[in-house]
Every structure is written in C-alpha cells, then in structure tokens.
C-alpha cells in the first residue's frame with residue numbers, strides 16, 4: 001500500500017508490542033522514520049534493530065509511560081522538540097487512566 005508517507009516522521013505510542021508494533025511496521029514499511037514510545041526499554045531495544053534492518057528507516061526510542069505525568073516531566077528535553085516536529089502522530093492505545101477515555105460529563109461506565 002502506498003500512503004505517500006516516505007520521509008515523514010511518525011510517533012507511535014505503545015510501540016514495542018501488539019497493535020503499536022504493527023502500526024510501527026506499517027509506517028516504517030511506508031518509509032516513515034519512526035519515534036517509538038513504550039514503557040519497557042528492553043522491548044524498545046529489541047524492536048529498534050529489527051525495524052532499522054528490515055525497513056531502512058531511522059528509529060528513535062523513548063521509554064516513557066505517557067499515562068504518568070512524572071515520567072513525561074522527567075523525559076529528556078529533546079522529547080518535546082521532537083514531538084512538535086512530527087508530521088504523522090499515531091496512537092496505538094488509549095491511556096490506561098479511566099479518566100482519559102471518558103467524555104466530559106459522562107458517568108463512569110458509559
């Protein structure tokens with residue numbers, strides 16, 4: 001499939017496994033340089049060389065828990081600059097906090 005994404009950057013959260021990893025591979029196959037975010041550094045370290053070798057794209061990895069504000073606050077200073085430079089953000093999963101998935105004013109469970 002040709003989506004016209006070659007040369008763009010994409011941020012993928014939950015990127016080291018499951019749907020996030022699948023999104024990563026599709027975007028890399030399309031020629032996107034990928035920025036991978038996952039809570040597990042070891043999984044990111046395992047994914048990086050495989051994606052780089054198979055798709056010949058740039059891969060940057062950040063072990064962050066985006067549902068934890070302290071994790072985000074303690075991220076390297078380059079992370080906000082990198083995120084603001086992205087052209088194709090993609091989120092593979094909702095944040096784990098139930099508050100983030102509720103509509104404003106909706107009752108829990110709805």
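Among the residues of the range 30-40, those identified as crowded, with 16+ Cβ neighbours inside 10 Å and under 16 Å from residue 18 (Cβ atoms) are 34, 36, 37, 38, 39.
In the set (1) exposed (fewer than 14 other Cβ atoms within 10 Å of the Cβ); (2) within 13 Å of the chain's Cα centre (by Cα); (3) at pLDDT 65 or above, residue 27 fails one condition alone, (1). The residues of the range 10-19 that are crowded, with 22+ Cβ neighbours inside 10 Å and under 14 Å from residue 46 (Cβ atoms), listed by number, are 15, 16.
Restricting attention to the range 41-85 and to residues that are loosely packed, with under 14 Cβ neighbours inside 10 Å and outside any helix (DSSP H, G or I), the residue that is modelled with the lowest pLDDT turns out to be 85.
The values are calculated or read from the model by the stated rules, or taken from the named source; none is laboratory data. All of these numbers come straight from a predicted model, not from anything done at the bench. Here Cβ is always computed from backbone atoms with ideal geometry, including for glycine, and neighbour counts include all displayed protein chains.
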